[in-house]
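Taking it in order: structure first as structure tokens, then the write-up.
The values are calculated or read from the model by the stated rules, or taken from the named source; none is laboratory data. Here the structure is a predicted model, which means the values were calculated and not measured. Cβ: placed from backbone, ideal geometry, glycine included. Neighbour counts: every protein chain shown. We work out accessible area using only protein heavy atoms, side chains counted, and drop any ligands, DNA or RNA first. Shrake-Rupley method; radii C 1.70, N 1.55, O 1.52, S 1.80 Å.
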Amino acid sequence: MKKVLKKPQAPQPHAALDESAERLRFFTERKDAITETIRQLVEIESPSDNKAAVDELGALLAGRFEKIGGHAKFHRAQNFGDHLQVDFPGARNSKPVLLLGHFDTVYPMGTLSAMPCRTGDGRLWGPGALDMKSGVALLLHALEGLRAWHGDTVPRPVTVLLVTDEEVGSESSRRITESLARKSEAVLVLEPSYGIQGALKTARKGVGEYTIRVTGKAAHSGLDFDKGENAIVEMAKQITAISKLVDRKRGLTLNVGVISGGTRTNVIPALATASLDVRVARMKDATAIDRQLRTLKPFNRKCKLEIIGAVNRPPMERSAGGATLYKKAWEIAKGLGWKLEEASVGGGSDGNFTASLGIPTLDGLGGVGEGAHATHESIIISELPRRAALLAQLIERA
Ligand SMILES: [Zn+2]
């Protein structure tokens, strides 16, 4: 008699796992649609400094959100595109979760002709594909999924804020971001994920920008050498002093990125300027470095020194609230069969504003790819379904 091996009873799958698989399948079936949305967004160029172009994209986005039941409104901006807010009332009565992003890019108008949107090698390439038009597309499709699963409504109130000046410092949108964050339970930021492994961002450095101006005294370099006060020489000494303020251990860096000065070789230069980027991991370092820069003294007492600027994005320090959100995301990802990592990064985003208000903030929920702000900017298409599933489930559980 043939021995019949009884198949072991399959373990009853956990309800949450079942749900996760269901969510993932939903977005896997819609992978092409998500990719198509990204293409559509990339093909409307939207440089931060071109209001008309950005507004055109804003109008398209508002239409897409209204189609899935959102109430869209614009916060008018004079020098930038209008910032787009979309509210979804939600079935449950609770504070909204704020989904935060931007739809401006760093690429000047016309970049598309040299860097067209294309797919190949499993990727979608194009200006802003990663930073962060894929994030905007994921957000749209995640909300669409939530409505499909919850009887044409989202399970909880959701506010979407997409600003238009993030790539140039968010001066015009900061107050809107902060006021919506204060009313929210949590903030999920759709900026690109970190690295090719797609880690979330639980800490970001704060960012400052300063300009130093040295005024010396012009004179003929041959006839009146001793009567001149060389602003460039003074600036060179200042730059050396500034470089010594870098403290890698504390995550404090200063980068003099632009210098200018002088007029001709035979004129002792009366003017020199330098602009620098400052990154701080901790708020108290922001205050300290600001003071150090402001109290720089001229080496040549006959030169005048002016320092303007500030730390305009406070650091997003890893917080308990952010860590709890990350843990939720980690568990959701686990249910999707994926080990989700976290990272602390040097770049700032609007998440820095909301986190420093004490609102739990999780960043890096957007696309996975490479080359933000560069000619090889691209996203990995196969990552889209699980990113959308992660976002949708985070909205359900945040
Ligand atoms: Zn961005």
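What number in nm² do you get for segment 264-398 if you take the convex hull of its Cα atoms and divide its surface by four?
Computed as one quarter of the Cα hull surface, the answer is 12.4 nm².
Residues with amide H under 5 Å of D363's amide H, sequence separation 5 or more or different chain, H placed in the peptide plane at 1.01 Å from N; which?
Here the answer is V189, K201, since their amide H atoms fall under 5 Å of that of D363.
Considering only the chain, what is the antiparallel percent among its DSSP beta bridges, to the nearest 5?
The answer is about 75 percent antiparallel.
Stokes-Einstein at 20 °C, 1.002 mPa s, Kirkwood radius from Cα pairs: D for the chain in µm² s⁻¹?
93 µm²/s
Under a Cβ-Cβ cut-off of 9 Å, what is the net charge of the residues other than L200 that fall near it, where Lys and Arg count +1 and Asp and Glu count -1?
Charge balance near L200 sits at -2.
Note down the magnitude of the dipole of the chain about its Cα centre, charges +1 on Lys and Arg C-beta and -1 on Asp and Glu C-beta and zero elsewhere, to the nearest 20 debye.
That gives a dipole near 1520 debye.
Using Cα pairs closer than 8 Å and at least 6 residues apart in sequence, work out the relative contact order for segment 296-398, in percent.
Averaging sequence separation for qualifying contacts and normalising by length gives 27 percent for segment 296-398.
Which of the pairs K201/K334; K73/K339; K249/K302; K67/K95; K73/K205; K183/K249 have their Cα atoms more than 29 Å apart in this structure?
K73/K339; K249/K302; K73/K205; K183/K249
Semi-axes, largest first, in whole Å: what does sqrt of 5 times each Cα gyration tensor eigenvalue give for segment 231-328?
Semi-axis lengths for segment 231-328 are 36, 13, 10 Å.
In whole percent, and with a 1.4 Å probe on the protein chains, what portion of the accessible area of segment 70-221 is carbon and sulfur?
Solvent-exposed carbon and sulfur of segment 70-221 make up 48 percent of the total.
Please work out the C-alpha center-to-center distance from segment 206-220 to segment 331-394 and express it in whole Å.
So the separation of the two Cα centres works out to 38 Å.
Once every DSSP H run of n ≥ 4 in the chain is given -39500 (n - 2.57) and the sum is divided by its residues, what mean residue ellipticity at 222 nm do you get, rounded to the nearest 500 deg cm²/dmol?
Calculated at 222 nm, the ellipticity per residue is -10500 deg cm²/dmol.
Can you give the accessible area per residue of segment 279-320, in Å², using a 1.4 Å probe?
Here the per-residue accessible area is 62 Å².
Angle check, please: helix 283-294 long axis (alpha carbons) against the longest principal axis of the chain (alpha carbons), in degrees 0 to 90, nearest 10.
The helix 283-294 is inclined about 20 degrees to the chain.
As a test of understanding, state the convex hull volume per residue of segment 13-89 from its alpha carbons, in Å³.
Normalising the Cα hull of segment 13-89 by residue number yields 111 Å³.
Let's test the formula: R0 of 56 Å, r as the Cβ-Cβ distance of T28 and S221. What FRET efficiency results, to the nearest 0.05?
The calculated FRET efficiency here is 0.20.
For segment 233-280, what is the relative contact order in percent, using Cα pairs closer than 8 Å and at least 6 residues apart in sequence?
37 percent
Treat segment 62-196 as a sphere of radius equal to its Kirkwood radius over Cα pairs and apply Stokes-Einstein at 10 °C in a medium of 1.306 mPa s; give the translational diffusion coefficient in µm²/s, rounded to a whole number.
100 µm²/s
Would you calculate the separation in nanometres between label points at N79 and K95, each defined as 7 Å from the Cα along the Cα-to-beta-carbon direction?
Taking the simple label geometry, N79 and K95 are separated by 3.3 nm.
Between K302 and S113, what length in nm is gained on full extension when 0.36 nm per residue of separation is reduced by their alpha carbon distance?
Going from the current span to full extension adds 62.9 nm.
Obtain the nm distance between the two label points defined at T263 and A241 by a simple spin-label model: each point lies 7 Å from its Cα along the Cα-to-C-beta direction.
2.7 nm
Can you spot the aspartates and glutamates whose alpha carbon is less than 18 Å from K217's alpha carbon? Ignore those fewer than 8 places along the same chain.
The qualifying aspartates and glutamates are D226, E229, E234, E306.
Quick check: the angle from helix 231-243's long axis to the longest principal axis of the chain, C-alpha only, nearest 10 degrees?
40 degrees
Students often forget the sequence filter, so: which lysines lie under 16 Å Cα-Cα from K31 once same-chain residues fewer than 8 apart are removed?
Counting by Cα, and skipping residues close in sequence, K31 has these lysines nearby: K133.
Normalising by the residue count of the chain, find the relative contact order in percent from Cα pairs under 8 Å and 6+ residues apart.
About 23 percent, as a whole number.
What's the angle, to the nearest 10 degrees (0 to 90), between helix 320-335's Cα axis and the longest principal axis of the chain?
Result, in degrees: 40.
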